[in-house]
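Worksheet: the structure to be examined is printed underneath.
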Amino acid sequence: MTHKHERTLRVGSLARVEGEGAMHVRFDRAGRVERARLEIYEPPRFFEAFLRGRDYAEAPDITARVCGICPVAYQISACLAMEEACGVTVGGQLAELRRLLYCGEWIESHALHIHLLHAPDFLGYADGIAMARDHRAAVERGLEIKKIGNALMALVGGRAIHPVNVRVGGFHRVPTRAELRRFAPELRRALELALEAVIWVAGFDFPEAEIGHRLAAVVQGDRYPIDGGSQIVTDAGSGFGIEQFEDHVIERQVPHSTALYAELADGGTYLTGPLARYSLHSAKLSRHAAAAARAAGLGDQCRNPFQSIIVRAVEIVYAIEEALRIIEEYEPPERPWVPVAPRAGRGHGVTEAPRGLLYHRYDIDGDGTIRQARIVPPTAQNQAAIEAELSELVQRRQELADAELTALCEQAIRNFDPCISCSAHFLDLHLERP
Amino acid sequence: MTPGAAPVVIGVGEEFRHDDGAGPAVVAELRKLAEAGALPPEIRLVTDSGEPTGLIELWRDAPLAIVVDAAAADPAAGLAAGDVVRWEAEYRDTGRSPMTPHHSTSTSTSTSTDTDTEQATDDRSAAPPTAGSPLPAITTPAPAPAAAHSPGSAATHALGPGAAIALASVLGRLPARLVLFAVVGADFSLGPGLSPHVADTVYEVVWDIVDEIRRPGLPARTDGDFLSWPGGCTGPRLGS
């Protein structure tokens with residue numbers, strides 16, 4: 001341990017997160033946490049800049065490249081925004097297929113995070129490979145669930161990473177009923193595995209902790225939110241339409257991060273993602289998912305960030321049940337897409353990426369040329385809350401030795417499954433010369 | 001034949017990061033040969049990001065998996081842009097030493113030395129590395145701050161074939177034969193196109209892979225001429 005009065009915890013490169021980031025915690029001489037930073041040094045991405053001047057129909061494929069883990073979130077948010085700008089609503093079976101594709105993404109993303117990135121923290125292993133030596137069956141179960149999620153994405157989206165079948169208005173090609181029904185046994189198998197996973201993670205030891213921030217999630221009617229919604233609500237009972245997002249969510253730059261900080265205009269830091277979705281919408285879970293949550297000991301809300309691993313497992317169960325429901329009810333639409341003629345306007349799209357709320361806004365010209373683009377990914381929204389959680393955690397547990405406290409901090413960051421690559425923006429450079 | 005039961009060539013990398021696109025470039029050239037009927041039709045040619053669980057699925061049950069990836073060389077290793085290092089996994093049941101692919105911040109310590117009973121009896125588990133490996137130290141081109149982590153504990157973007165091999169070894173999911181070609185690159189900045197030395201090396205690697213495919217025990221075309229290149233050339237017409 002370093003000297004008490006000059007204590008610094010630093011992890012130069014965070015492990016088992018998506019993208020490149022670091023952590024830096026510093027205590028003052030009185031032993032109080034002076035600052036706790038999640039430093040995001042992932043290179044700037046420039047997406048919003050190079051979307052300008054591109055055609056509105058290109059946005060889903062371009063923004064999919066923001067992330068290899070959650071490309072569907074970007075595609076569907078972009079589609080929704082463009083369709084709103086053009087005055088078109090995509091509903092019926094096309095909307096259901098979007099939700100089905102999105103379920104695949106939730107399944108594969110959550111399965112990876114639970115089994116290879118997060119579980120080693122709870123079981124005392126340095127990484128998933130070391131854990132697999134002693135918990136081979138659990139890791140194989142995770143890989144099997146992830147594989148089925150990937151296969152679902154490939155079935156609907158054309159391929160698992162950066163799907164190619166999504167377009168503004170719907171899809172380039174829709175699956176036949178037989179193609180989807182053939183996949184149902186795989187999903188039923190995945191459902192069994194996912195229920196086992198819930199029980200497995202529920203048996204971990206969880207440190208006492210409670211999120212002190214506002215929770216925010218999309219509202220998608222009477223459904224657990226995944227692939228859209230017109231309103232955002234918080235646990236304070238407030239809500240606003242997605243077209244008012246930029247009035248209620250304020251982004252600012254900070255020197256230590258290529259991600260922007262997002263805060264609620266009236267409420268400071270907030271958290272999106274599984275804990276928020278579950279705490280705001282647990283009553284909308286499907287039968288098996290709700291039962292699994294109860295069996296795992298979750299109440300109507302879950303505010304312990306360490307238990308986010310349980311919520312993710314429950315959300316896998318939900319996504320599989322939803323996928324099975326959609327496949328059961330599926331009737332191929334007459335056309336794989338609805339025409340979306342460009343018109344000058346502004347459109348917004350919000351969906352629930354695995355890590356949380358994802359916002360897109362575009363301004364387009366009459367010929368469909370994109371004039372402005374704004375993308376607010378979940379990790380950018382969560383960064384301030386993650387840092388505040390870190391600060392509170394180290395303040396409370398500062399009796400731990402440096403190595404132990406550092407490991408706990410890393411685990412705490414992984415509670416939020418940050419996708420650092422998604423959140424990286426470009427910082428303006430200002431030169432001051434005498 | 002199930003997809004996994006066919007030999008597979010996997011080009012790992014991102015073609016828009018200059019030399020990181022070496023793997024996909026090799027696969028692109030192999031596809032030209034395949035389209036011309038110069039490779040056994042059952043050979044699978046794929047490109048991939050290198051995400052470990054995806055790689056494991058791609059090579060699962062394959063009689064032969066060939067992985068081609070770009071690598072950044074340690075200057076002390078004496079390797080230059082365009083050099084190629086080949087490793088082949090050697091398995092516990094053979095009594096030989098395994099590959100130690102110092103690829104992505106490296107698998108050299110992760111191919112398992114534990115004595116877990118489950119693993120020790122698994123024919124698909126790589127045996128522990130032996131001392132004095134002649135393999136030079138190279139790493140995948142990862143951002144500098146990420147360099148200090150073991151393959152399993154790095155950020156997921158720094159994971160690659162090394163972590164995939166280590167995890168597959170533990171799980172008994174290595175292919176029957178696994179060969180890795182690491183192409184030493186010079187430029188991993190943003191943008192398309194390979195640097196000249198790496199572009200030249202692509203041709204050599206294609207040849208080497210064809211040789212690997214020719215080795216006994218693998219399916220060959222019934223007419224036995226899959227190495228007669230299209231157009232009567234004596235070698236693959238690359239870059240055309």
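Computed from the coordinates by the stated procedures, all read-outs in this text should not be read as laboratory data. All values derive from a computational prediction rather than experimental measurement. We place every Cβ from the backbone using ideal geometry, glycine too, and count neighbours over all the protein chains shown.
One table, with the values for the structure above:
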quantity: Amide N proximity, the stretch A:206-240 versus A:R374 label position 7 Å along Cα-to-Cβ, cut-off under 20 Å; calculated: A:216-219, A:228-234, A:239-240
quantity: Value of relative contact order over the stretch B:1-64, rounded to a whole percent, pairs C-alpha under 8 Å and six or more apart; calculated: 47 percent
quantity: Model label zone, A:V164; criterion: amide N under 15 Å from point 7 Å along Cα-to-beta-carbon; scope the stretch B:40-78; calculated: B:45-49
quantity: Segment A:S238-A:Q301, length gained on full extension (0.36 nm per residue, minus Cα span); calculated: 21.0 nm
quantity: The stretch A:313-354 - charge dipole about Cα centre, Lys and Arg +1 at Cβ, Asp and Glu -1, debye rounded to 20; calculated: 480 debye
quantity: Spacing of the two label points (7 Å from each Cα toward its C-beta) at B:D74 and A:A291, in nm; calculated: 5.5 nm
quantity: Where labels lie 7 Å past Cα in the beta-carbon direction, separation of A:A344 and A:E246 in nm; calculated: 1.7 nm
quantity: Förster-model FRET efficiency, 45 Å R0, A:D55 and A:E140, C-beta, rounded to 0.05; calculated: 0.55
quantity: Net charge contributed by nearby residues that have their C-beta within less than 12 Å of A:D365 (K/R +1, D/E -1); calculated: +2
quantity: Two-site label geometry, A:E210 and B:S189: point separation in nm, points 7 Å out along Cα→Cβ; calculated: 5.3 nm
quantity: Cα lying deepest toward the dipole's positive end in chain A, options A:L405, A:G53, A:Q395, charges on Cβ; calculated: A:G53
quantity: Inter-chain shielding of B:51-64 (mean C-beta neighbours from other protein chains, 10 Å cut-off); calculated: 3
quantity: Charge context of A:P274, other residues only, Cβ under 10 angstrom, K/R +1, D/E -1; calculated: 0
quantity: Dipole moment magnitude, nearest 20 debye, the stretch A:47-425 about Cα centre, only Lys, Arg, Asp, Glu C-beta charged; calculated: 980 debye
quantity: Percentage relative contact order, chain A, counting C-alpha pairs under 8 Å, at least six apart; calculated: 25 percent
quantity: Computed lengthening from A:D363 to A:D28, 0.36 nm per intervening residue step minus Cα-Cα distance; calculated: 116.0 nm
quantity: Protection-proxy order for peptides A:112-123, A:396-407, A:181-192, each taking the mean of Cβ atoms within 10 Å per residue, highest first; calculated: A:112-123, A:181-192, A:396-407
quantity: Length gained when the stretch A:A154-A:I199 is fully extended (0.36 nm per residue, less Cα-Cα span); calculated: 13.4 nm
quantity: Percentage of interatomic Cα-Cα distances in the stretch A:47-425 larger than 35 Å; calculated: 21 percent
quantity: Global geometry of the stretch A:269-381, whether rounded, prolate or oblate, following the gyration tensor of its Cα atoms and the 1.5 cut on a/c; calculated: oblate
quantity: For the stretch A:28-37, Karplus couplings with θ = phi - 60° (6.51, -1.76, 1.60), whole Hz, Gly/Pro x; calculated: 8, 5, 8, x, 8, 5, 7, 7, 10, 10
quantity: Using a Förster distance of 45 Å, the FRET efficiency for A:H172-B:R86 (Cβ separation, nearest 0.05); calculated: 0.65
quantity: Hypothetical label at A:E179: residues of the stretch A:149-165 whose amide nitrogen lies under 15 Å (7 Å Cα-Cβ projection); calculated: A:151-160, A:163-165
quantity: Value at 222 nm in deg cm²/dmol, rounded to 500, when DSSP H runs of n ≥ 4 in chain A each add -39,500 (n - 2.57); calculated: -13500 deg cm²/dmol
quantity: Check: the stretch A:33-103 dipole with +1 on Lys, Arg Cβ and -1 on Asp, Glu Cβ, in debye; calculated: 120 debye
